[in-house]
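Take a look at the structure below.
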């Protein structure tokens, strides 16, 4: 399951790289055709890439939320939940030993 999520995320990163290359290629075509200057091309390319990175980050965050929701629905404990339970057990054991100091000795 986790491998599937990793593959999907890597596919998204790969798509972002391909898209960036395609943007730069397309912008250079506009420069060669004289439609925009090199300076305009640089600025346009930066804006498009920045917007793409922003959208990729938003998608990554949304995917994380969906994955967490999926784990909750599947009733799979997260590491944070396991850690919290371990801490509760330690706290309860501490209380037990304080209230009944000789209970473990026989």
Quiz item: Just a yes or no: is a residue in the stretch 67-82 farther than 30 Å from residue 20 by Cα and touching a helix residue (DSSP H, G or I) at 6+ places or on another chain (Cβ under 7 Å)?
Solution: yes
Quiz item: How many residues, within the stretch 66-87, are surrounded by fewer than 10 Cβ atoms within 10 Å (Cβ to Cβ) and part of a helix (DSSP H, G or I)?
Solution: 3
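Any read-out appearing in this document is the output of simple, stated calculations on the displayed coordinates, not a laboratory observation. Every value quoted in this text rests on a predicted model; they were computed, and no experiment measured them. Glycine gets a Cβ as well: all are built from the backbone with ideal geometry, and neighbour counts include every protein chain shown.
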